[in-house]
Amino acid sequence: MHRWENKTIHIKKRFKLTDDTYILVLREHIDFIPGQFIMIENPMATRKPFILGYFGEDTALAIQVKGKGTRWIVNQSVLKAHYPLGKPFIPPQGKGITIVSPASLTFGCSMFRVYGTDVLLGSRKEILTDIPFTYVIGDSAFADKIREIKGHYDYYVVNGSRGMEKFVYDTVGEGVFVSLEEYMACGIGACKGCAIQTKDGIKHVCTDGPIFRGDEIWF
Ligand code: FES
């Protein structure tokens, strides 16, 4: 039995973080633990997954417009969604940093708020709003920053493009966790479309993840 709800959510405020990524601030407060996600219904696909997060005190989602479905979602003021889904992420002991792309900034905010991690935003695009975290623009500045912080933390949680996640894993190695929520379809353990091969055998992103240790994925 999955503990998830199918509810209506209302968008209290929407603003642009980059030219293609929006922050949607929800009127509702959603109870979740970092790592859990929400599936939002839309007319172009059954549902789309987004990792749950905060912006300031509010529950919020960061959504990159990649096609018709995400464009439709960012333009609504009322949405239907299932939540919370996925396995909560419980970090190891010690000091951590959460490394995010614009489309996961709100996840970074939740890691800061709940686990006190530092947050680093890596973006290829100009950041259009004030954010309370360090950010770097461009691949080379990002690579320099990751080399600089290597060894400074006990764990590194990365939620961005697969290239970004692999770069951090290859540079830092042990202690890196990555989020694979983009692999999901139904989000509730029914379709088996999110199966991935891990070091410990086949796992399902929507029920075993979405956050995995880097050495489980790349072995
Ligand atoms: S997304 Fe359908 S089983 Fe995981």
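The values are calculated or read from the model by the stated rules, or taken from the named source; none is laboratory data. Remember, it's a predicted structure, so these values are computed and weren't measured experimentally. Virtual Cβ from ideal backbone geometry, glycine too; neighbours counted across all protein chains shown. Please note that ligands, DNA and RNA were not included when accessible areas were found on the heavy atoms of the full protein model with its side chains. Shrake-Rupley method; radii C 1.70, N 1.55, O 1.52, S 1.80 Å.
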- Message: Suppose we keep only residues that are touching a residue at least 12 places away in the same chain (Cβ under 8 Å) and within 20 Å of PRO84 (Cα to Cα) within the range 186-202. Which one would you say is most open to solvent (accessible area, probe 1.4 Å)?
- Response: LYS192
- Message: Can you find, within the range 203-216, the residue that is nearest to PRO34 (Cα to Cα) among those that are open to solvent by 20 Å² or more (accessible area, probe 1.4 Å) and without any contact (Cβ under 8 Å) to a residue 40 or more places away in the chain?
- Response: ARG213
- Message: Are there strands (runs of 3 or more DSSP E) fully within the range 105-219 with at least 3 residues that are away from the ligand (no atom under 16 Å from the Cβ) and modelled with pLDDT of 95 or more? List them.
- Response: 118-123, 134-137, 155-159, 176-179
- Quick one: would you say THR171 is closer than 22 Å to PHE219 by Cβ, surrounded by fewer than 19 Cβ atoms within 10 Å (Cβ to Cβ) and not assigned by TED's automatic domain parsing to the domain that holds ILE38? yes
- Task: Please note which strands (runs of 3 or more DSSP E) are completely contained in the range 1-74 and include at least 2 residues that are modelled with pLDDT of 95 or more and over 20 Å from GLY160 (Cβ atoms).
- Result: 5-16, 21-26, 58-64
- Query: Are there any pairs, at least 6 apart or on different chains, whose C-beta atoms fall under 6 Å, with the first in the range 55-75 and over 18 Å from ILE30 (Cβ atoms) and the second of a type in the set (S, T, N, Q) and open to solvent by 10 Å² or more (accessible area, probe 1.4 Å), and if so, which?
  - Reply: GLY69/ASN42; TRP72/ASN42
